[in-house]
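Undergrad: Mind having a look at this structure? Questions to follow.
No lab work stands behind these numbers, since they all come straight from the coordinates. Treat the numbers as computed from the prediction; the structure is a model and nothing was measured. We place every Cβ from the backbone using ideal geometry, glycine too, and count neighbours over all the protein chains shown.
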Amino acid sequence: MIISEKNISKANHLEADICIIGSGPAGISIALELLKTNKKIIMLSGGGYHETIASQDLHKGIVDSQCSHEPLEENRRRVFGGASTAWGGRCIPMDPIDFKKRSWILYSGWPITFDELEPFYNKASNYLKSGIFDYDAPIGFNNLNPDEIIDGIDNEDIISSKLERWSTPVNFAKDYTSLLEKSEFIQVILDAHLLSFETEDGKSINSVKVRIGNSNFSIRSSTFILACGGIENPRLLLASKNQFHPTGLGNKNDLVGRFYMSHFFGTYATLEPKDRESIIYDFEKDNMGVYFRRRWWITEEAQNKNEIGNAIFFLHKANDQSGHRDVLFSIVFITKFFISLISLKSIHSIKNKWIKSKDDIFIHLKTVLKEGWVELPAILKIAIKRFQKRRLPFVLPNVNSEKLGLYFQTEHMPNPNSRISLDDNSVDALGIPRVNVHIEFNELDKKTIISAHNVFMERYAVANVGSWSYTESGLNKFIDEKINAFNSAAHHLGTTRMSDDPTSGVVDRNCLVHGMTNLYVAGSSIFPTGGHVNPTLTIVALAIRLAQHLNQVNE
């Protein structure tokens with residue numbers, strides 16, 4: 001059952017067996033797994049079916065003046081379905097090395113292994129509609145070309161047999177509303193905002209205070225699961241101070257909010273391969289119609305040898321905005337620009353965005369007007385693919401473009417000084433302190449990016465397959481520029497990290513908050529390290545694993 005303020009009971013408290021705070025991929029996956037237990041579940045969604053200015057304002061915070069970060073409301077969605085309502089759909093599992101203790105990476109190591117999580121990846125793939133759990137090209141892909149992306153590059157240090165798969169993408173609210181609506185065991189309460197956790201003994205949560213409209217409610221439950229994202233999870237724990245937990249729930253060792261990680265990504269190097277016909281470049285489809293694409297991966301052996309973090313590359317558009325324009329990319333650029341204008345709330349914001357972007361817009365328009373009619377058949381074909389139910393993930397530049405960009409995405413190292421904390425001087429409309437974000441990158445972050453590029457460029461040169469544009473000094477400058485204008489792309493990781501040792505983590509291997517008996521945390525905030533991967537597939541896998549644990553505990 002899905003209910004809102006106008007049809008909720010006017011009683012001042014509600015009862016449940018399990019209360020899930022958050023309605024994104026983690027929260028909804030847990031709820032779907034628990035429906036078969038016939039337990040009474042209440043799920044609190046911090047928004048309704050559509051975003052509002054008031055609900056998004058609750059996500060605003062402060063970026064520390066000593067670092068750069070996008071506005072905290074920019075990449076978060078306070079709406080039923082959470083981040084899945086704006087998710088691009090990229091699905092990649094973490095690698096076995098990501099779970100291991102690596103001597104050159106401080107604070108690395110999960111209390112669980114890849115093998116322990118792998119069965120849950122299989123089920124997560126079903127929820128995300130990303131096909132079978134198979135991310136290695138030579139295995140199980142009879143219709144897949146087993147060759148390299150570019151012949152001659154792959155060796156023991158870098159391979160291109162790894163895949164990324166693409167969800168439809170799934171909007172959890174839209175795709176699973178019918179299951180939640182029909183169930184007699186769940187109440188999804190829209191626009192319900194957590195105010196605080198309540199405890200009588202400091203060891204278990206008895207109830208939560210919730211604001212719905214202009215009314216406050218108390219929800220009592222045997223089990224509570226916090227699943228509000230990598231920034232909101234630590235915020236709500238820190239804000240729930242009481243006589244037993246004067247610095248916040250789970251924060252006895254001052255770890256809540258620390259180890260904030262994201263990923264480092266971008267395009268610096270460009271390639272001009274000689275033989276464009278033989279490159280494995282475009283998206284492909286498996287037998288289920290699921291889109292997938294190849295990428296280069298810096299192998300575990302190379303990571304060990306170079307003492308760096310995890311990294312991948314794939315071919316994308318060049319970052320050079322002054323060079324040759326691809327018609328398809330130009331059309332997408334123009335379309336996205338004008339769609340973004342619609343989302344702005346003031347004439348002043350629209351004017352500023354236009355002033356910053358008009359030169360690029362005119363260059364793209366010139367490309368479209370000059371060459372667009374020649375590409376019209378291809379444009380129409382791609383447009384159809386983009387509007388299908390399982391749509392083309394994104395528009396690639398033409399493989400025959402003058403330059404192809406080498407996009408990279410790398411691991412961000414865990415760092416206790418990179419953190420989410422509460423701001424003492426600012427509260428939101430609910431009276432909850434806003435957050436202050438301070439994100440840091442260290443020398444190993446930079447070394448990983450540079451070493452990974454050097455591995456790739458060395459192999460590209462040895463293979464003698466084309467020319468390139470790359471210098472290590474130029475990449476160093478590029479990294480500094482990206483740090484000074486950092487955007488997380490909604491990858492908020494590590495702020496309630498998992499560890500069996502309460503002195504090095506906030507939750508244990510079963511996602512239970514250390515020192516508590518019935519408060520669990522779900523989502524990317526529990527990642528001890530983040531690998532190179534987009535986090536959604538792992539978020540859902542861990543959520544399913546938590547649901548299984550709760551089933552066993554409650555038997």
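Undergrad: Whole Å is fine, so just give me how far the alpha carbon centre of segment 226-297 lies from that of segment 502-548.
TA: Result: 14 Å between the Cα centres.
Undergrad: Additional query: About its Cα centre, how strong a charge dipole does the chain have in debye, to the nearest 20, once Lys and Arg get +1 and Asp and Glu get -1 at the Cβ?
TA: So the magnitude is around 1780 debye.
Undergrad: Still on this structure: So what's the projected area for segment 197-271, the Cα convex hull averaged over all directions, in nm²?
TA: Its Cα hull, projected and averaged over all orientations, spans 8.4 nm².
Undergrad: Pairwise over distinct Cα atoms, reciprocal of the mean inverse distance: report the Kirkwood radius of the chain in Å, one decimal place.
TA: Taking the inverse mean of 1/r over all distinct Cα pairs, the chain comes out at 24.6 Å.
Undergrad: Run the numbers on segment 427-537 and let me know its relative contact order in percent, using alpha-carbon pairs under 8 Å that are six or more apart.
TA: The normalised contact order for segment 427-537 reaches 17 percent.
Undergrad: How about segment 481-540: which trypsin sites (Lys or Arg not before Pro) there are in a DSSP loop, with at most 11 other Cβ atoms within 10 Å of their Cβ?
TA: Here no loop site has a sparse enough neighbourhood.
Undergrad: In Å and whole numbers, how far do the C-alpha atoms of segment 410-555 stretch along each principal axis, longest first?
TA: 62, 43, 28
Undergrad: Would you please give the residues with an amide H less than 5 Å from that of residue 62, counting only those at least 5 places away or on a separate chain, with H modeled from the backbone geometry?
TA: Those qualifying (amide H under 5 Å, at least 5 residues apart or on another chain) are 435, 436, 437.
Undergrad: Round to the nearest 0.05 the FRET efficiency obtained for residue 278 and residue 4 when R0 = 51 Å and r is the Cβ-Cβ distance.
TA: 0.35
Undergrad: Continuing with the same structure: P(r) of segment 21-151 in 5 Å steps, Cα pairs, percent per bin?
TA: Reading the bins upward from 0: 2, 8, 11, 13, 14, 16, 16, 10, 6, 3, 0, 0.
Undergrad: Follow-up. Using label points projected 7 Å from each Cα along Cα→Cβ, tell me how many nm separate residue 122 and residue 427, to one decimal.
TA: Those two pseudo-labels are separated by 5.0 nm.
Undergrad: Taking 0.36 nm per intervening residue step and subtracting the Cα-Cα distance, what contour gain separates residue 517 from residue 201 on full extension? Write out the running numbers ahead of the final one.
TA: Values: separation 316, 0.36 × 316 = 113.76 nm, distance 1.08 nm.
Here the answer is 112.7 nm.
Undergrad: Please give the charge dipole size of segment 411-555, origin at the Cα centre, charges +1 on K and R Cβ atoms and -1 on D and E Cβ atoms. Round to the nearest 20 debye.
TA: 280 debye
Undergrad: Related question: Among DSSP beta bridges lying fully in the chain, give the percent that are antiparallel, nearest 5.
TA: 70 percent
Undergrad: Sticking with this structure for a sec: Which of the residue pairs 6/39; 162/274; 6/209; 447/482 have a Cα-Cα distance greater than 21 Å in the structure shown? Intermediate results must be reported in sequence, preceding the final value.
TA: Numbers: 6/39 25 Å; 162/274 23 Å; 6/209 19 Å; 447/482 15 Å.
Check vs 21 Å cut-off fails for 6/39; 162/274.
Undergrad: Using the Karplus equation 6.51 cos²θ - 1.76 cosθ + 1.60 (θ = phi - 60°), what ³J(HN,Hα) coupling, rounded to whole Hz, does each residue of segment 31-46 give in order, writing x for Gly and Pro?
TA: Couplings: 4, 5, 5, 8, 4, 6, 7, 6, 7, 7, 10, 10, 10, 9, 9, x Hz.
Undergrad: What residues qualify as long-range amide H neighbours of residue 137, i.e. H under 5 Å apart, gap of 5 or more or another chain, H built at 1.01 Å from N?
TA: 162, 163
Undergrad: I need the phi-derived Karplus couplings for segment 51-65: 6.51 cos²θ - 1.76 cosθ + 1.60, θ = phi - 60°, integer Hz, Gly and Pro marked x.
TA: In residue order, the calculated couplings are 5, 10, 4, 5, 6, 5, 4, 5, 8, 5, x, 10, 9, 4, 5 Hz.
Undergrad: Still on this model: Once you have the Cα-Cα distance between residue 101 and residue 65, take 0.36 nm times their residue separation minus that, and quote the gain in nm to one decimal.
TA: Here the answer is 9.7 nm.
Undergrad: Evaluate the relative contact order of the chain (contact order divided by residue number), counting alpha-carbon pairs under 8 angstrom at least 6 apart; express in whole percent.
TA: 25 percent
Undergrad: Amide H of residue 187: which non-local residues (sequence gap of 5 or more, or other chain) have their own amide H closer than 5 Å, using H built in the peptide plane?
TA: 41, 42, 43
Undergrad: Could you order the peptides 181-194, 522-535 from most to least packed, using the average number of other C-beta atoms within 10 Å per residue?
TA: Ranking the peptides 181-194, 522-535 by packing returns 522-535, 181-194.
Undergrad: Specify the inter-centroid distance of segment 101-121 and segment 432-456, based on alpha-carbon positions, in whole Å.
TA: The distance from the Cα centre of segment 101-121 to that of segment 432-456 comes to 20 Å.
Undergrad: List, in order, the whole-Hz ³J(HN,Hα) value for each residue of segment 310-318 obtained from phi through the Karplus relation with A = 6.51, B = -1.76, C = 1.60 and θ = phi - 60°; use x for Gly and Pro.
TA: 7, 7, 9, 9, 8, 7, 8, 6, 5
Undergrad: Just from its helices, what would the mean residue ellipticity at 222 nm be for the chain, if runs of 4 or more DSSP H residues each count -39500 (n - 2.57) and the sum is divided by every residue, rounded to the nearest 500 deg cm²/dmol?
TA: So the helix-based figure for the chain works out to -9000 deg cm²/dmol.
Undergrad: Looking at segment 10-42, which trypsin sites (Lys or Arg not before Pro) are in a loop (DSSP not H, G, I, E or B) and have at most 12 other Cβ atoms within 10 Å?
TA: Counting only loop positions with at most 12 other Cβ atoms within 10 Å, the trypsin sites (Lys or Arg not before Pro) in segment 10-42 are 10.
Undergrad: Just to confirm my numbers, what's the Cα centroid distance between segment 33-50 and segment 141-201 in Å?
TA: Distance between centres, Cα-based: 18 Å.
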